[in-house]
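One structure below.
Each value in this text was obtained by applying a stated rule to the coordinates, not by laboratory testing. As the structure is a prediction and not an experimental result, all values here were calculated from the model. Cβ atoms come from the backbone with ideal geometry, glycine included; neighbour counts cover every protein chain shown.
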Amino acid sequence: MAVISISNVVKKYKDFVALNGVNLEIKQGECLGLLGPNGAGKTTLIRMITGSSPLTEGEVSVGGMDIKTSERQIKALIGIVPQLDNLDPDLNVIGNLLTFSRYFNIPHKEAKKRSTEVLQLVGLENRPKSNLGELSGGMKRRLMIARGLINRPRILILDEPTVGLDPQAKHLVWHKLRELRNSGVTLVLCTQVMEEAAELADRVAIMDKGSIICLAPPAELVVQNVGRTVWEIEPEDGHREPIIKALEQRRVEFDEGPGKITTYHVNDADAFKGLAIATGKLKQRPATLEDVFLKLTGRALIE
Amino acid sequence: MKWPSWRFIRVWQRNRDVFLKLWPSEVTGFVVEPLVLLLAMGFGLGAYVGMVNGQEYIEFVAPGIIASYAMFSASFECTYGSYLRMSYQRTFDAIIATPVNVEDVITGEIFWGATRSMLTGTVILIVATAFGLAESSWALLIPLLAFLQGLMFSSIALTFTAIIPSIHSFNHYFSLFISPMFFFSGVFFPLDSFPDIVQRLSWIAPLTSAVKLIRACFNGEFHPDIWLALGLIALITLVFFVASLVLMRRKLIV
Ligand SMILES: Nc1ncnc2c1ncn2[C@@H]1O[C@H](COP(=O)(O)OP(=O)(O)O)[C@@H](O)[C@H]1O
Ligand SMILES: [Mg+2]
């Protein structure tokens, strides 16, 4: 059953089209990964779901309610961990949670109980009295997650939750998110970290230039788009053009990245027989979600 | 436009909690400064000026200082204070992702600004009373009046906060609007000592009405134009309250 349903959503900022007819159904209890390069429209799409930004066209419903008419009720159901830190720096750790509870109209006693609970969940139970200035980046992120859970949301939306975290903190956050998903919370996870999506998401939607260009479980996306293995060729000076010509003749699917040619759907080295590739300059490795991402959104740098 | 709900209280509570934590750092501006001014002007200048409108100068100037510092309190809170919360701390963004809407946030800010006005006005009133300056029991109404004028100045300030491009624009707000009112609204000298044109401009300046009302209650002398002053405050408050709600939604929900 779809808990969030997005149909034909268009969002324009003045003349700029940030979302160009997005359709997406997010199922109850799943973790949906939303991938896309900078400026693809991930944050904008989230803002449509949470009523932080009006739709130009189309419809969004959450838990069967229309965002246009039931904004408040929808916001009460959702937890949000935004991309930018907007914790309240005038309040300490526990103050942030208690104050946030009040916005949801949670009675004080209950709020205290829940605050302790969520701090424990994110491993900050020893820091309730800390000022925000004393927290590391990773602790602040975890506090944002704790804050996003204070209303016991059925849906938790996270916008790049592990940006800037060290590996330990990142794995801790992933672990917490997995626990949440296992407890039945629907997760919408915006990210640019492919590993994160591969680890956590049941399905992945890749966005580019305001549209969703594909949607499937991560393993399927990999097999369908690039095959199980990719080969990387590092051509020597002057050999690049002939290699590319030969690959085109042999109908091998490939992409040109900086310094490298990456081929898709190639199963064995026979495909490269007779090409002027120096020894050690042809490598095989298992395909990843990152290859899909780069293939679909382009290997060139996007500004 | 959308109207606010009772949830604005939540935002007021948030600001109150922060104030209770940080107030010692704000005491100088809103308690010490007006009291120094009251004593310096009242006793220093008062010795030269003698009687004004048939009363001691310090009795004349005290209610004016209450009204102007009530104005300053709301104005600082809803310009620099609100702007910091909105733009630098992104506190408004965080709040409007909860069941609290933009209109509730803005209303909470306005009521908090008014609360600051009331606190400031009350402190100065208490000191003035301790010096034996307030003569009328009508003075008990002054905290309420300070609150009302605080609603007005907070609404004006937030309207301005909603439209400015950067925090530096508040310099203009204070030097072109707030400071002139401080000097031309009958705080330090009766309005009739000014040229005709200034008197007319002064008549519509929001602070003038506030000074009239607070002075009337302070001295217990009522002229019929206090009703006009009250009406003017109500009108200005309503206009800018609505403007701040509309403009803030337009600014924050894009
Ligand atoms: N408030 C805004 N006004 C104008 N353009 C915006 C605004 N917010 C985002 N955009 C533009 O919309 C596009 C999508 O942005 P965003 O949703 O933040 O992308 P992502 O989160 O995928 O990096 C970007 O090109 C961005 O510059
Ligand atoms: Mg983003």
Magnitude of the Cβ-charge dipole (Lys and Arg +1, Asp and Glu -1) of region A:219-303 about the Cα centre, nearest 20 debye, reported as 220
If each part is reduced to its alpha-carbon centroid, region B:88-136 and region B:146-212 end up apart, in Å, by 18
Given all pairs of distinct Cα atoms, chain B yields a Kirkwood Rh in Å of 18.6
Length-normalised contact order of chain B, Cα under 8 Å, at least 6 apart, in percent, tallies to 27
Projecting the Cα atoms of A:GLY137, B:LEU35, A:LEU215 onto the charge dipole of the protein assembly as shown, where Lys and Arg contribute +1 and Asp and Glu -1 at Cβ, the residue farthest towards the positive end is A:LEU215
If every Lys and Arg gets +1 and every Asp and Glu gets -1 at its Cβ, then about the Cα centre region A:2-222 yields a dipole, in debye to the nearest 20, of 700
Over chain A, the sum of -39500 (n - 2.57) across DSSP H runs of at least four, divided by residue number and rounded to 500 deg cm²/dmol, gives at 222 nm -10000 deg cm²/dmol
Shielding of B:12-20 by other chains, given as the mean Cβ count within 10 Å, works out to 3
The size of the Cβ-based charge dipole (Lys, Arg +1; Asp, Glu -1) of the protein assembly as shown about the Cα centre, to the nearest 20 debye, is 1080
Sorted on mean Cβ neighbours within 10 Å (highest first), peptides B:194-206, A:179-191 come out as A:179-191, B:194-206
Among B:TRP227, B:THR91, B:HIS168, the residue whose Cα sits farthest towards the positive end of the charge dipole of chain B, when +1 is placed on the Cβ of each Lys and Arg and -1 on the Cβ of each Asp and Glu, is B:THR91
At q = 0.06, 0.07 1/Å the base-10 log of I(q)/I(0) from the Debye formula over the alpha-carbon atoms of the protein assembly as shown is -0.43, -0.55
Within 10 Å of the Cβ of an average residue in A:83-96, the count of other chain Cβ atoms is 4
Which of B:LEU119, B:LEU20, B:LEU133 fluctuates most in a GNM of chain B (C-alpha springs under 10 Å)? That residue is B:LEU20
Here region A:245-261 yields Karplus 3J(HN,Hα) values (6.51, -1.76, 1.60; θ = phi - 60°; whole Hz; Gly and Pro given as x) of 4, 4, 4, 5, 4, 7, 6, 8, 7, 8, 10, 9, x, x, x, 9, 10
Computed, not fitted: 222 nm per-residue ellipticity of chain B from DSSP H runs ≥ 4 (each -39500 (n - 2.57)), nearest 500, equal to -20500 deg cm²/dmol
Taking the alpha-carbon centre of each part, the distance from region B:1-62 to region A:269-287 in Å is 79
Each residue of A:61-72 has, on average, a number of other protein chain C-beta atoms within 10 Å of its C-beta equal to 1
